[in-house]
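Bear in mind these aren't lab numbers, they're just calculated from the coordinates by the rules spelled out. Small disclaimer: the values here were computed from a predicted structure and weren't measured. Counting neighbours? That spans all protein chains shown, and the Cβs are built from the backbone with ideal geometry, glycine included.
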Amino acid sequence: MGLIQAALVAGGSVLADQWRDYFYCDSLGNDVLVKKGQKRTGRGSSNTKGNDNIITNGSIIAVNEGQCMIVVEQGAIAEVCAEAGEFVYDTSSEPSIFYGDLGTTISESFKTFVKRLGFGGSAANDQRIYYFNTKDIIGNKYGTPNPVPFRVVDKNIGLDVDIEIRCHGEYSYKIVDPILFYKNICGNVTTDYHKSQIESQLKSEMLTALQPAFAKISDMGIRYSSLPGHTVELADALNEVLSSKWGEKYGLKISTVGINSVDASEEDEQMIKQAQKTAMYRDPGMAAATLVNAQAEAMQSAAKNESAGPMMAFAGMNMAQQAGGVNAQNLFAMNQQAQAAPQMQPQAQPQNAGSWTCACGNVNTGNFCPNCGKQRPQPANWTCSCGAVNTGNFCTNCGKPRA
């Protein structure tokens, strides 16, 4: 009785799986990374009793833009399709009388019936379709709970110092290798796999990679205050740091990085500003202008000082200058000399073709120098009219004297 019951169940399941299926996936939201494919069956459809995890030969799988489809058969990836359009599935494992040669499909269907009979009437195959969201997954917030080191390099003033900064913003990533993501992250999910299931891990690894990424950014000479304008370089640096983990294991890649704020401690900011301000005084003109402005303010304050008297304040200023203070007039003179120095350099006089420069420095065109009377130096080699090249005073070919 059990064998007859198994034969009836096997025959019913084989007949139910003869229908060709149509698989599709609705639009994947920003929070859904992987979704299992669904069979489309209408209200009056006869294809309602087939196995959920059986894909009949000739079935059509629709792939939308921003999606990648994989077919998993018996636990192993059998097919991959990332091109939008219609994909026809055929592996000859689940025959259908509605697809292929009728005689062949009937014979194969009978073999399937015998196989299922041995398993009590149930199918011995497991075939599933998964759709992966290959669009950018946006809106992933990040923030450094603790300050991270950042190297500040300013070659203009010779500054090279390590400070600590805090950074907040958002980043986006995308699945670039669905096979790696399936094997190492999601596996054979029953329904959906959401980004919230991996968000904490990705954020932790991303914050860990910020420090070496900032080191690469600082080596480019980019200041921490200019980071919002160099998000492309920051994304490239993060991908370079995370390539061995996200790219080669998870199948993920950072698409963009947005920076909302970058803040350094007040002490570090004051230190950098003071170094830049001090370096400004290396220019004599800037130093002179600053000194004149300070003296003007001091004179105004002295004029308003009624208790000590203006004359006493002016006398104090004169005593400070005589004790070694820098005079603004001297600084202005130094600046003018520095600007005039390039103009005062002697410029090389253009030398005409055929002219020669004597040892005394005079440029001549004749055979003798009019300044010291020295003869024009003769070249080591000379060419005779017969074409022979000679070094002596007479041609070795024709005997003519050197011109």
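Of the peptides 131-140, 203-212, 363-372, 189-198, the ranking by mean beta-carbon count within 10 Å, highest at the top, reads 131-140, 203-212, 189-198, 363-372.
With a sphere of radius 15 Å drawn around the Cβ of residue 180, what net charge do the other residues whose Cβ falls strictly inside it have (Lys, Arg +1; Asp, Glu -1)? Residues near residue 180 contribute +3 overall. All Cα-Cα separations within the range 178-230 were binned at 10 Å from zero, giving a P(r) of 20, 32, 23, 20, 5, each value a whole percent of the pairs.
Peptides 28-39, 263-274 ordered by packing proxy, namely the average of other Cβ atoms within 10 Å per residue, highest first: 28-39, 263-274. Under the convention that each Lys and Arg Cβ holds +1 and each Asp and Glu Cβ holds -1, the size of the dipole of the range 150-279 around its Cα centre is about 360 debye.
Among the listed pairs 135/155; 35/216; 216/277; 141/277; 155/249; 155/203, which have their C-alpha atoms separated by more than 31 angstrom in this model?
135/155; 35/216; 141/277; 155/249; 155/203
Measuring nothing but alpha carbons in the range 127-209 and taking Rh as the Kirkwood radius, the Rg to Rh ratio lands at 1.17. Taking 7 Å steps out from each Cα toward its Cβ at residue 233 and residue 26 produces label points 4.5 nm apart.
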